[in-house]
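Scroll down for the structure; my scribbles are underneath it.
The values are calculated or read from the model by the stated rules, or taken from the named source; none is laboratory data. This is a predicted model, so every value here is computed, not measured. Glycine gets a Cβ as well: all are built from the backbone with ideal geometry, and neighbour counts include every protein chain shown.
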Amino acid sequence: MRKCLVTETETLLQLSGVKRISSVYFGGGTPSLAEPLTISSVLETTARICHLPIDAEVTLEANPTSAETDNLR
């Protein structure tokens, strides 16, 4: 799944021609259940392809009953 998400991120960013992203939203399907490495891989891919400022807003939709504090860190 991680590899597919990274490939899709690369493809969509390259096709879109976007040069700067100030906000990333992970939503739908409870992305908080994803491994932290998956989320960080998508963010790292985004930063590699276009400018993702250190203070960019990153939002992760979560179901409070299934979100583990250690994973959210």
Report task. Sort out which residues of the stretch 31-59 are within 22 Å of SER16 (Cβ to Cβ) and modelled with pLDDT under 90, and write them in order of number. Result -> PRO31
Requested in this report: Starting from residues that are of a type in the set (A, V, I, L, M, F, W, C) and part of a helix (DSSP H, G or I), keep the ones in the stretch 31-63 and report whichever is farthest from THR9 (Cα to Cα).
Outcome: LEU33
Report task. Considering each of VAL18, VAL6 in turn, give the residue that is surrounded by 11 or more Cβ atoms within 10 Å (Cβ to Cβ) and over 12 Å from the mean Cα position of the chain (by Cα). Result -> VAL18
Report task. Those residues that are over 14 Å from LEU72 (Cα atoms) and surrounded by fewer than 17 Cβ atoms within 10 Å (Cβ to Cβ), I need them from the stretch 22-42; list them, please. Result -> SER22, SER23, TYR25, GLY27, GLY28, GLY29
Query raised in the report: Just checking, how many residues over the stretch 33-44 are free of Cβ contacts under 8 Å to residues at least 12 places away in the same chain and touching a strand residue (DSSP E or B) at 6+ places or on another chain (Cβ under 9 Å)?
Result: 0
Report summary line: Reported set for the stretch 1-30 where residues are modelled with pLDDT of 95 or more, over 21 Å from ILE54 (Cα atoms) and of a type in the set (Val, Ile, Thr) is THR7, THR11
Requested in this report: Confirm whether THR30 is hydroxyl-bearing (Ser, Thr, Tyr), under 21 Å from LYS3 (Cβ atoms) and touching a residue at least 24 places away in the same chain (Cβ under 8 Å).
Outcome: yes
